[in-house]
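Asks: Structure provided below as structure tokens; questions to follow.
The values are calculated or read from the model by the stated rules, or taken from the named source; none is laboratory data. For clarity, every value in this text was computed on a predicted model and none was experimentally measured. Cβ sites come from the backbone with ideal geometry, for glycine too, and all protein chains shown count toward neighbours.
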Amino acid sequence: MPTNIFLLNIKIKTARLSIFSNVFLITIKLIAGFVGGSVSILSEAIHSMMDLIAAVIAYFSVKVSSQPPDKEHPYDHGKFENISGVVEGMLILVAAAWIIYEAVLKLIHPAEIAYLYLGMIVMLFSAAVNIYVSKRLYKVAKETDSIALEADALHLKTDVYTSLGVAGGIFLIWVTGIHILDPIIAIIVALFITFEAFKLIKNAYLPLLDTSLPADDLKQIQDIISNHTTPQITYHRFRTRKSGSHKYVDFHLEVPQEMSVKEAHALCDRIEIDLRNNIERLDINIHIEPL
């Protein structure tokens with residue numbers, strides 16, 4: 001099983017990759033947008049700027065959330081990643097609002113786009129880069145259960161779709177000569193981004209309210225505990241929650257009154273070992289009660 005330091009290094013390196021790729025894509029999108037006068041390409045540049053801010057937030061939140069518990073944060077720093085996810089979602093909404101604003105202005109004051117071929121090349125190249133980076137982010141997010149990296153991956157995933165959409169729109173403008181398609185495509189991009197942002201905010205915000213673990217995790221944990229119970233050994237007050245990539249479970253274990261403290265402690269040890277062997281980053285608290 002990978003060590004915490006090894007996983008942290010992977011998370012930090014992947015977050016850094018996202019920062020570098022976004023800086024590069026912002027540069028080429030701004031050049032293509034200003035040279036060609038395309039609001040849809042400029043909207044993509046703005047989208048990438050939000051991606052860059054999100055990548056920077058993810059980078060620092062990953063470093064902070066991986067710090068061990070301390071006096072002020074005895075339950076670790078995991079929720080910094082959830083806060084990061086909420087902030088990133090809000091940034092996506094800001095980007096969407098800005099794109100719509102610029103698109104409406106372009107509808108009111110239409111203008112032709114120059115160098116259409118340049119715009120298409122930049123958008124297709126951007127999509128290709130973000131496909132690679134987002135897949136890398138999703139892979140590491142799944143391996144480390146990082147909501148910050150998952151949020152960053154979602155940013156880039158939406159960028160892939162919107163870049164392809166803008167490239168297709170520019171191609172239609174090239175074929176048809178209808179330049180008003182440019183701001184219309186930009187608005188469609190913004191609406192798609194808004195939908196993705198609300199999903200991200202919901203996923204990142206719920207753990208801040210200490211909601212239970214997902215149903216699959218709950219079933220796995222309860223099945224493992226049940227393997228150690230009998231008619232004379234039962235449990236109740238079962239609770240779970242999540243903080244970043246760390247999972248928490250606590251419950252009351254009822255044992256026969258004649259069971260010694262040593263025997264009860266050994267039983268708890270067996271349950272904890274079994275749970276940790278099957279579920280990574282799990283913190284367990286068991287309260288013993290006489291049946």
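Asks: For residue 260, state whether it is more than 19 Å from residue 226 (Cβ to Cβ) and in contact (Cβ under 8 Å) with a residue 40 or more places away in the chain.
Replies: no
Asks: I'm trying to understand the selection: among the residues of the range 263-284, which are under 26 Å from the mean Cα position of the chain (by Cα), of a type in the set (Lys, Arg) and closer than 15 Å to residue 224 by Cβ?
Replies: Hit for the range 263-284 is 276, nothing else.
Asks: How many residues, within the range 225-255, are β-branched (Val, Ile, Thr) and over 15 Å from residue 283 (Cα atoms)?
Replies: Qualifying residue count for the region: 5.
Asks: Okay, moving on. Does residue 243 satisfy being small (Gly, Ala, Ser) and surrounded by 15 or more Cβ atoms within 10 Å (Cβ to Cβ)?
Replies: Yes: the conditions hold for residue 243.
Asks: May I pose another question? Only residues in the range 109-136 that are assigned by TED's automatic domain parsing to the domain that holds residue 16 and on the phi > 0 side of the Ramachandran plot count as the first member; pair them with residues that are in a helix (DSSP H, G or I) and among the β-branched types (Val, Ile, Thr), Cβ under 7 angstrom, at least 6 apart or cross-chain, and list the lot.
Replies: Every condition considered, the pairs that remain are 115/35.
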